[in-house]
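Engineer: First, the structure itself, so that you have it in front of you.
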Amino acid sequence: MKTLLLMRHAKSSWKEPKLKDRERPLNKRGRKTTPRMGELIKEKELIPQLICSSSAVRARQTAEILVAACGYTGEVKYLDSFYMGEPEDYLKQLRKLPDSIERVLVIGHNPGLEALMQILSGKVAALPTAAIAYLSLSIDSWKNLYEDSKGELNEVWRPKEIIGD
């Protein structure tokens, strides 16, 4: 059994329209909600063994703030393939993980992240910015993670429900 946490990057800024999409930073709300989501991961005793994040600025900043808030001390892998990735892009990277890792947090983008959650769990749920989905996967090895793998969506935590923002 493996645990997969899927987090959509926090709210990003549109203040500088000339910035490339990949370069957009977090806005004030994104910087405010991310620490609370990191604290939630710690409270739920779901600190991951590895964090894999999109290389986009808003995802990197989400990862950095989350790491500080939850006390994560491991590696953060920044992956270009997660920027606007489709479900197979996420699955391809997850299949490369060593089996010694039981719990992984992925920070990415919609619509690919929501689609991945739906494919693995069979459940449709919204992942607004900074939301975290908690899935249990019925696999013993990451190399066996494919679109037909079965998982259970245990919970989705959304900032508005947690913080009231």
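Engineer: Working only within the range 43-56, note down all residues that are under 15 Å from the mean Cα position of the chain (by Cα) and surrounded by fewer than 16 Cβ atoms within 10 Å (Cβ to Cβ).
Structural biologist: Scanning the range 43-56 gives a single hit, Ser55.
Engineer: In the range 6-42, which residues are among the aliphatic types (A, V, I, L, M), closer than 30 Å to Ser141 by Cα and surrounded by fewer than 21 Cβ atoms within 10 Å (Cβ to Cβ)?
Structural biologist: The one that is among the aliphatic types (A, V, I, L, M), closer than 30 Å to Ser141 by Cα and surrounded by fewer than 21 Cβ atoms within 10 Å (Cβ to Cβ): Leu40.
Engineer: Right, next: Exactly one condition in (1) within 23 Å of Ile162 (Cβ to Cβ); (2) touching a His at 6+ places or on another chain (Cβ under 7 Å) is false for Met84; which is it?
Structural biologist: So the condition that Met84 fails would be (1).
Engineer: If Asn144 satisfies all but one of (1) under 13 Å from the mean Cα position of the chain (by Cα); (2) surrounded by fewer than 19 Cβ atoms within 10 Å (Cβ to Cβ); (3) modelled with pLDDT of 95 or more; (4) not charged (D, E, K, R), what's the number of the condition it fails?
Structural biologist: So the condition that Asn144 fails would be (1).
Engineer: In the range 149-160, is there at least one residue being hydrophobic (A, V, I, L, M, F, W, C) and part of a helix (DSSP H, G or I)?
Structural biologist: Looking for residues that are hydrophobic (A, V, I, L, M, F, W, C) and part of a helix (DSSP H, G or I), one finds none in the range 149-160, hence no.
Engineer: Checking Ile107 against (1) within 13 Å of the chain's Cα centre (by Cα); (2) of a type outside the set (D, E, K, R); (3) surrounded by fewer than 20 Cβ atoms within 10 Å (Cβ to Cβ), which test does it fail?
Structural biologist: Exception for Ile107: condition (3).
Engineer: For the range 66-83, which positions are touching a Lys or Arg at 6+ places or on another chain (Cβ under 7 Å) and surrounded by 22 or more Cβ atoms within 10 Å (Cβ to Cβ)?
Structural biologist: Cys70 - this is the single residue of the range 66-83 that is touching a Lys or Arg at 6+ places or on another chain (Cβ under 7 Å) and surrounded by 22 or more Cβ atoms within 10 Å (Cβ to Cβ).
Engineer: Now for a separate question. Going by what's in this entry, would Glu102 be described as on the phi < 0 side of the Ramachandran plot and either buried (at least 19 other Cβ atoms within 10 Å of the Cβ) or free of Cβ contacts under 8 Å to residues at least 60 places away in the same chain (or both)?
Structural biologist: no
The values are calculated or read from the model by the stated rules, or taken from the named source; none is laboratory data. No experiment lies behind these values; they were computed from the predicted model shown. Here Cβ is always computed from backbone atoms with ideal geometry, including for glycine, and neighbour counts include all displayed protein chains.
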